[in-house]
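The values are calculated or read from the model by the stated rules, or taken from the named source; none is laboratory data. Everything numeric here is computed off the predicted structure, so don't read it as measured data. Because the Cβ atoms are built from the backbone with ideal geometry, glycine has one as well, and the counts that use them run over all protein chains shown. All accessible areas refer to the heavy atoms of the entire protein, side chains included, with ligands and DNA or RNA removed. Shrake-Rupley method; radii C 1.70, N 1.55, O 1.52, S 1.80 Å.
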Amino acid sequence: MSSKEIDEASVMEFNPNRALGLWHIYATNLNMWKSRLAPTITYSIRDTLPDGHVRINDLVEYYTKRPFSHYTPTSISGIDTQSTLKPSRFQWRGNGAMKLFTSQFGFVFVDDETPADQPYQWVATMFGSTLFTSAGIDLMTRTRQPSAELLNQYLTRKKDLRDEQIHDAALNGTLQTCECCCDDQLLDDDMIKCDNDHRFCRTCIRNYIENGFISNGECFFTCLNPTCKSEYSTSLMGHLLAPTLFSRLLIKIQQEELRRANISNFEQCKFCTFGTIIDDPNERVFRCLNQECLKETCRSCGESNHIPLRCDEVEKKDELDMRTFIENRVSEAMIRICYKCKQRFYKLEGCNKMTCACGASMCYVCRKPIKGYEHFNNNEKCGAINDVVQLHQEEMRLAYDEAKQAYIERHPEATDLVLKYDPQQHLNGNKTILTPKAKRGRRRR
């Protein structure tokens, strides 16, 4: 936004005394606030110039995320000098080390519902671009959560200003058309051009970058014109994208640039962007020094540090998931559950009439409720005494086959997966290795 555009948009009636005090930035399209938390601005009268115009102390306070630490309070102070052309137009100049930096801004919307002898309850300021910040608008309110009525007033005036700008551009013949979406009601500020002067609207370029990154993992984006090889800059992408998405994109860009650099013996952490040069070929472990990561990984296989195991002895995640699924099913095959109180149990020896602490009796083999020993008379399957080890082995072998089939049905990609530590190897001996967590049952004769 040029100084002329700020002049035209700034309101005619403005009393700087009504704008004094603390303001919360409630909504903004200024890129500088994307990475800062809880920004506020405090205005106070500094002095009055001989011509009657005022100078205002301008204190900006916010919280900044520092590397390897929490948010820390930060402030920027400056002086706003009122323009002689409009009472709502100001020039900001920094204090101290920032004295060389200036910015043009104006109050483009003000609260006109509040009585004239009371402070404004909301205002909107329009800033011109500088060497370090882009142009934009801040909506400021006296409280962190303004009322719906105040927001509606602001949105209505913002729409009216937009309609007025489009009307003026149509009369001047300066309306723009995006060659991508064919929208022909666009202003110069709505357009972005590449180094070869191909112009497209912000919305199309934002969607192009977001979809390319989220869907395809791309991190470098050439112009939307198919014949142009010019790339959109990282700073432009920072202006267009949401802070969280842009942070992820920056990490991807850093990783790709380091990969393209092809630095000898340079390696990166598998879990963050930390990288270092490792000259010792015998060093088996990559140790990340990023205080927010600090993970150790094997340089050969990329898995978490597994010394003293060899790489071929380490289970991959898909193997671990499948083995755990099968082991849980196999262990459950040994467990009996009381039909009355739902107590879980198993036995190691004794007869097959199981009496629970609640008084209920059941057959250990078929797991059905019984009362006496008549159930075991002339019963080929359920004898009064069975080899419990053999019984458990048969149950677990059957459960193994069913669990493996069930897992492959849910995860077809695991059809050809070979488990390094297959539970089946424990099911062929005379002892049960997989001991489930349950109480041993007790028998009564």
Just one of A27, A19, A9 is modelled with pLDDT under 85 and either among the basic types (K, R) or under 18 Å from T143 (Cβ atoms) (or both); which is it? A27
Only listed residue being under 48 Å from the mean Cα position of the chain (by Cα), more than 24 Å from Y400 (Cβ to Cβ) and not basic (K, R), chosen from Y346, Y373, Y339: Y339
Among residues of the range 210-231 being small (G, A, S) and under 18 Å from Q254 (Cβ atoms), the residue least open to solvent (accessible area, probe 1.4 Å) is G212
For residues that are charged (D, E, K, R) and not in a strand (DSSP E or B), scanning just the range 36-68, find the one that is modelled with the lowest pLDDT. R66
Regarding C178, is this residue open to solvent by less than 50 Å² (accessible area, probe 1.4 Å), touching a helix residue (DSSP H, G or I) at 6+ places or on another chain (Cβ under 8 Å) and assigned to a loop (DSSP other than H, G, I, E, B)? yes
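Results for (1) basic (K, R); (2) in contact with a Leu (Cβ under 8 Å, 6 or more places away or on another chain); (3) within 15 Å of K4 (Cα to Cα); (4) not in a loop (DSSP other than H, G, I, E, B), shown as yes or no for each residue.
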residue	(1), (2), (3), (4)
K86	yes, no, yes, no
G106	no, no, yes, yes
D112	no, no, no, no
Y120	no, no, no, no
Qualifying residues in the range 256-283 (those that are of a type in the set (K, R) and exposed (fewer than 13 other Cβ atoms within 10 Å of the Cβ)) - the one farthest from N305 (Cα to Cα): R260
Pairs with Cβ under 6 Å, 6+ apart, first in the range 97-114 and open to solvent by 70 Å² or more (accessible area, probe 1.4 Å), second in a strand (DSSP E or B): F101/G94
Looking at (1) over 30 Å from L241 (Cβ atoms); (2) out of contact with any Gly (no Cβ under 9 Å at 6 or more places or on another chain), which is the only condition R89 fails? (2)
Identity of the residue in the range 12-35, part of a strand (DSSP E or B) and among the aliphatic types (A, V, I, L, M), that ends up farthest from I76 (Cα to Cα): A27
Within the range 28-43, residues open to solvent by 50 Å² or more (accessible area, probe 1.4 Å) and of a type in the set (S, T, N, Q) come out as T28, N29, S35
Just name the residue that is most open to solvent (accessible area, probe 1.4 Å) out of those in the range 293-346 that are more than 23 Å from H392 (Cα to Cα) and among the polar types (S, T, N, Q). S300
Return the pair list, or none, for Cβ contacts closer than 6 Å from residues in the range 307-329 that are aromatic (F, W, Y) to residues that are surrounded by 14 or more Cβ atoms within 10 Å (Cβ to Cβ), at least 6 apart or on different chains. F325/Y407
Among the residues listed as D184, D163, the single one being open to solvent by 60 Å² or more (accessible area, probe 1.4 Å) and farther than 30 Å from D112 by Cβ: D184
Just a yes or no: is a residue in the range 110-130 on the phi > 0 side of the Ramachandran plot and over 36 Å from the mean Cα position of the chain (by Cα)? no
